[in-house]
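Here is the structure we will look at.
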Amino acid sequence: MGNIIAEKIIIKSNNISYGPMPAFNDEVEQHVKIYRDGRVQISRFVYGSGVKRHGYIKAAKNVFQIPTKKAAWLLDLISGYFKDHDQEEWFATDIGDFQITITMEDGTKIRRKGSLDQDFEIGDDDLNSIIRETLGVDDLFLFNGHSGQRYIYLSVKFPGSDQEYYYRTTDGSIGVGDNILVPAGKLNRKELVEVTRKEKFYEDELPMPLEEVKSVIGKVILTQDQNSESFISEEAQKLNAFKANRGTHEVDFTTADGIKFALDAVGEKKLASNVKDMPAIAEAEEYMRKFLMDKAGDDLDSFLNDFWLYLEESAKSMEDENQAIAKLLFPLGGDCDEFISGYGKNKDSNSLLYLKQKFWRVYQDAFMRGNIRK
């Protein structure tokens, strides 16, 4: 189909499975329509008399708008996935089903169907979670019938032990083989461990209750890689020297606990006591780090567009957290947009280097020169 783009996507999900008959007012089917111009329509049906399309009763219809760029990105992601995975159907028995129809700009349609238990993994996430998060609606059936968020559980092994322990995190960038800082034992001493497994669970699938699983303090960046040497802050270098005998390296400055630990370790106790949690700015920092470390993924345009959208949508939150840092971050949105649509179109190395230099200046000024979320 070449460069033909998707104009509209319709996902029909039916949650009926073998088992007890649903009650009259149980929600059993959803229709989700997403248009390239940002229009979204969600229709919900309850069981009624139980005769599909005739007996189901439309209980609600929600129509709203999302940013056009975000809608276009989402349609390209969904249509690209199903064009690359051309199986006509994914089916298992005893559960509900889905049907997706993708209408392209030339009028052609891509149709797929399957059972309502598909995650359709994309990188470290799945298509269901991406759609729910982008639309801001958690309780959509989509392709897997689950509603609500997925929780990331990491399995780790402590040095000298073969026993695995669960920790949970909201940092999707952490993967198997990464080093993380975790609280251990009754005194919650900080220990450096390696991730051996990464799993995602819905609340009704959790292997251990949330309240029984401790949270990761932060990811630890190994500094032996020559390519990342120039991005190591002075604070991190001090910390590396301070903890060298235990093999601890630069603590990721993404979480408040991680920042406090790093500052405490180099004797900056007063500064550490003033650190507060700033999740919106921390998320922007994570985007910047991935780009600077060449971990933005294969589709750089989509990554930069996603970052631009995040800056636009999170402007108020970031200003509330720290106006000085927010003021440094906002111009990067225009730089990303200019790279995607203008001089970066040919992906020449000079334009990419120019953008990296802009990112690095902001990253250094915002997070490495005494501004780390004071």
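Throughout, read-outs are computed from the coordinates displayed, never taken from laboratory work. Computed from a predicted model, the values in this text were never measured in an experiment. Neighbour counts are summed over all protein chains in view; Cβ atoms, including those assigned to glycine, are modelled from backbone coordinates with ideal geometry.
Going by C-beta contacts inside 10 Å, put 173, 13 in order with the fewest on the left.
173, 13
Separation between the residue 196 and residue 293 pseudo-spin-labels, each 7 Å from Cα along Cα→Cβ, expressed in nm?
According to this spin-label approximation, the distance is 2.3 nm.
Order these peptides, 285-295, 125-135, by their mean beta-carbon neighbour count within 10 angstrom, highest first.
Most protected by this proxy first, the peptides run 125-135, 285-295.
Quick check on my link table: of 198/295; 200/316; 8/356; 70/295; 12/109; 83/219, which ones sit more than 24 Å apart, alpha carbon to alpha carbon?
200/316; 8/356; 83/219
Where nothing but the Cβ of Lys and Arg (+1) and of Asp and Glu (-1) is charged, how large is the charge dipole of the range 279-367 around its Cα centre, in debye to the nearest 20?
Value, rounded to 20: 360 debye.
Ranked from highest to lowest mean number of other Cβ atoms within 10 Å per residue, what is the order of the peptides 151-158, 56-63?
My ranking of the peptides, most packed first, is 151-158, 56-63.
Over the range 141-203, what relative contact order in percent results from Cα pairs under 8 Å that are six or more residues apart?
That works out to 41 percent.
Looking only at the range 182-207, which residues have a backbone nitrogen under 13 Å from a spot 7 Å from the Cα of residue 155 in the C-beta direction?
From the range 182-207, the list is 195-200, 207.
Can you tell me how much longer the chain between residue 316 and residue 21 gets when fully stretched, taken as 0.36 nm per residue apart minus their C-alpha distance, in nm with one decimal?
Separation in residues times 0.36 nm, less the Cα-Cα distance, equals 101.5 nm.
Which whole-number percent is the relative contact order of the range 94-148 (Cα, under 8 Å, 6+ apart)?
Value for the range 94-148: 30 percent.
For the range 279-367, what relative contact order do you get, as a whole percent, if you take Cα pairs closer than 8 Å and at least 6 residues apart?
This gives 32 percent for the range 279-367.
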